[in-house]
1. Which residue, 72, 199, 28, tops the fluctuation ranking in a GNM of the chain built on C-alpha contacts under 10 Å?
2. To the nearest 10 degrees, how steeply does helix 239-249 sit against the main Cα axis of the chain, on a 0 to 90 scale?
3. Work out, step by step, the length gained on full extension between residue 230 and residue 166: first 0.36 nm times the residue separation, then minus their alpha carbon distance; give nm to one decimal.
4. May I ask for the angle, rounded to the nearest 10°, between helix 36-54 and the longest principal axis of the chain, with both axes built from Cα atoms and the value confined to 0 to 90°?
5. Quick check on the chain: helices-only [θ] at 222 nm, where DSSP H runs of length 4 and up contribute -39,500 (n - 2.57) each and the sum goes over total residues. Nearest 500, please.
6. Sorted from largest down, what three extents in whole angstroms do the Cα atoms of the stretch 15-162 have along their principal axes?
7. Along each principal axis of its Cα atoms, how long is the stretch 64-138 end to end? Whole angstroms, biggest number first, please.
8. So what's the gap between the Cα centers of the stretch 19-85 and the stretch 249-293, to the nearest angstrom?
Ligand SMILES: [Zn+2]
């Protein structure tokens, strides 16, 4: 089962989070019919979003992540609500490239390394937090590690893998390690040594649950465990919300579309759910809109 396990180690000087997101990635594959390349890339961004949204404090806090570059996949868009509830899509979900072997895809060409990661966090304040860093490698784990280090000011080591075999995700997740600002050098050396053992984190997650990874790798130091959470793929779309797409079309275009097709179909990018609006529905949507303004 998917889970996010978190602990503070070395008397609170280092934060360690292990997360397993295999079921979540398989749900994304099922909903979007992703190519293996798209599954690995979107799966990695969904996994990081699951971790990040689990760090949000308030129930109503949320975030979105955009990875934009000129690779074969195009843009990757992910949104998340507090507690590890994520959803997302990739622009070119059918894109394929020759794989690298061992269940790993060529993300360098799939994503690219000239674009950006943009994170927008809605923390219920007047203005949202916006962080943006350039992609450095295109493999996404080093790119997000750089994002946390550079944009959020938290030097981070991140191991992240999504292994795809025969169109299915067989293992997904990662381990994130963040030393606190004044963490002493001798602890950093120990941590660095442990982190080097996570190069094949996908294989480790096949055999161990996240809480066992924390226990096995860090349990012999002073450690304080936090309650585990379960990340899930969850879309929040509704008929009400999707009716905004009709408004976004504009009055003239929505009428033209109705004349042409007899109804307006809107598909949610995040989960693929189709919403069909009849002529009567569209009239009511516009009446409601006129009433509001
Ligand atoms: Zn949806």
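Taken together, the values in this text are just the output of simple stated rules run on the coordinates, not laboratory data. Since this is a predicted model, take the numbers as computed values, not measurements. Please note: Cβ atoms are built from the backbone with ideal geometry, for glycine as well, and neighbour counts cover all protein chains shown.
1. Fluctuation is largest for 199.
2. 70 degrees
3. 20.5 nm
4. Helix 36-54 and the main axis of the chain meet at about 80 degrees.
5. -11000 deg cm²/dmol
6. Computed over the Cα atoms, the extents are 44, 29, 27 Å.
7. Projected onto its principal axes, the Cα set of the stretch 64-138 covers 46, 25, 20 Å.
8. 29 Å
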